[in-house]
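Participant: Got a structure here, written out as structure tokens. Questions coming.
The values are calculated or read from the model by the stated rules, or taken from the named source; none is laboratory data. Not measured: the values here are computed from a predicted model. Counting neighbours? That spans all protein chains shown, and the Cβs are built from the backbone with ideal geometry, glycine included.
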Amino acid sequence: MNADAETASTDELLFAVDAAGIARITLNRPKARNALTFAMYRGLVELCERIEADHAIKAVIITGAGDKAFAAGTDIAQFRSFSKPEDAIGYERFMDRVLGGLERLRVPTIAAVAGACTGGGAAIAAACDMRIASRDARFGIPIARTLGNCLSQNTLRRLANLIGAPRVKDILFTARLVEAQEALAIGLVNEVVEDAAAVAARADALATLLASHAPLTLQATKEGLRRIGEEGVAEAAEGERPGDDLIVMTYMSEDFREGMEAFLGKRPPSFKGR
């Protein structure tokens, strides 16, 4: 991380932003395979709000401390106090807020996955835009043989949008863990590299590339695809079509004008995100 990086960390959730505008969130409970506490989930909500408000941030990397796990789900001890329907509903609605906040970030997000990526960890990775995995990474949500709970509709939608409903059923019904090469083949991850060090290096390189591109183009692409995945393609209303706001945001931007002038002037563009 750059020497003049901005940092804001707790013991279990590390956060830093380097001089290039790349933010890194590290799930930091390596002795517990980075299993997430409710406090860590609340911290993720707060960090997403902070990232959304900081237009100097251009890309986000989420990773787990150590090389054994990205995150092995929610810390099971957190559920011991559940005794009434409101506890379960409240938890899943809160998780929708956590994952929805990550999914809706205007900047691209990269999950840098080494080792186990299960339960809530897999849900976090699925909410990211891109996933880089080590060869020993394993993905799954084995709740059918462990807790006996279920996923929210939003989490199921997110997974189905990635790999299709039949594969989601296969993975959840069998409660098996998906090895990295299979995850690559079915589209669950974008790339597989050798080990944890290679994951970190590739995630940094990818984030640097994305940070150099037009922020509003990336934002409009993310939001347009999210709307399609969440709602389908809506009927076009008279005089207005779905996504018109995203078209206006990009075409009327200073960045679009800069991109044209740079292209015609045969020079690299300098995008500002406005």
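Participant: Among the residues that make up segment 213-233, is at least one of them of a type in the set (Lys, Arg), outside the structural domain of LEU102 (by TED's automatic domain parsing) and in contact with a Lys or Arg (Cβ under 9 Å, 6 or more places away or on another chain)? Let's see the steps before the verdict.
Facilitator: To start, the set of residues in segment 213-233 that are of a type in the set (Lys, Arg) comprises 222, 226-227.
Of the ones still in play, those that are also outside the structural domain of LEU102 (by TED's automatic domain parsing) are 222, 226-227.
Retained after the next criterion (residues that are in contact with a Lys or Arg (Cβ under 9 Å, 6 or more places away or on another chain)): 222, 226.
Yes, because at least one residue in segment 213-233 is of a type in the set (Lys, Arg), outside the structural domain of LEU102 (by TED's automatic domain parsing) and in contact with a Lys or Arg (Cβ under 9 Å, 6 or more places away or on another chain).
Participant: Still on this structure, please answer the following. Residue by residue through segment 198-211, note down the ones that are surrounded by fewer than 16 Cβ atoms within 10 Å (Cβ to Cβ) and in contact (Cβ under 8 Å) with a residue 24 or more places away in the chain. Step through it out loud before you land on a result.
Facilitator: First pass over segment 198-211, keeping only residues surrounded by fewer than 16 Cβ atoms within 10 Å (Cβ to Cβ): 201, 205, 208-209.
Residue satisfying the conditions is THR208 alone.
Here's the yes/no breakdown for (1) within 18 Å of ALA211 (Cβ to Cβ); (2) touching a Gly at 6+ places or on another chain (Cβ under 9 Å):
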site: LEU13; (1), (2): no, yes
site: MET40; (1), (2): no, no
site: VAL98; (1), (2): no, yes
site: THR109; (1), (2): yes, no
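Participant: With respect to ASP87, is the statement that it is modelled with pLDDT under 95, within 23 Å of ALA201 (Cβ to Cβ) and of a type outside the set (Val, Ile, Thr) true?
Facilitator: In short, no.
Participant: Still on this structure, I have one more. From ALA175, ALA185, grab the single residue that is more than 19 Å from GLY100 (Cα to Cα), of a type in the set (A, V, I, L, M), surrounded by fewer than 19 Cβ atoms within 10 Å (Cβ to Cβ) and in contact (Cβ under 8 Å) with a residue 12 or more places away in the chain.
Facilitator: Values: ALA185 fails: in contact (Cβ under 8 Å) with a residue 12 or more places away in the chain.
Only one candidate passes the filter, namely ALA175.
Participant: Look through segment 43-69, keep the residues that are of a type in the set (A, V, I, L, M) and not in a strand (DSSP E or B), and return whichever of them is farthest from ALA200 (Cα to Cα). Lay out the reasoning, then the answer.
Facilitator: Here is the first cut: in segment 43-69, the residues of a type in the set (A, V, I, L, M) are 44-45, 47, 51, 53, 56-57, 59-62, 65, 69.
Checking the rest, the ones that are also not in a strand (DSSP E or B) come to 44-45, 47, 51, 53, 56-57, 65.
Details: LEU44: 20, VAL45: 23, LEU47: 20, ILE51: 21, ALA53: 26, ALA56: 22, ILE57: 19, ALA65: 11 Å.
Among those that are of a type in the set (A, V, I, L, M) and not in a strand (DSSP E or B), it is ALA53.
Participant: Next up: Residues in segment 88-142 that are among the charged types (D, E, K, R), surrounded by fewer than 23 Cβ atoms within 10 Å (Cβ to Cβ) and within 24 Å of ALA198 (Cα to Cα): how many?
Facilitator: 4
Participant: Going residue by residue through segment 212-235, is there one that turns out to be over 30 Å from GLY73 (Cα atoms), without any contact (Cβ under 8 Å) to a residue 40 or more places away in the chain and of a type in the set (D, E, K, R)?
Facilitator: yes
Participant: Could you tell me which of the residues THR174, THR118 is in the same structural domain as TYR41 (by TED's automatic domain parsing), of a type in the set (Ser, Thr, Tyr) and in contact with a strand residue (DSSP E or B) (Cβ under 6 Å, 6 or more places away or on another chain)?
Facilitator: THR118
Residues checked against (1) surrounded by 21 or more Cβ atoms within 10 Å (Cβ to Cβ); (2) touching a residue at least 60 places away in the same chain (Cβ under 8 Å):
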| position | (1), (2) |
| --- | --- |
| VAL17 | yes, no |
| ARG24 | yes, no |
| ASN28 | no, no |
| ASN34 | yes, yes |
| GLU49 | no, no |
| ILE61 | yes, yes |
| ALA71 | yes, no |
| ALA77 | no, no |
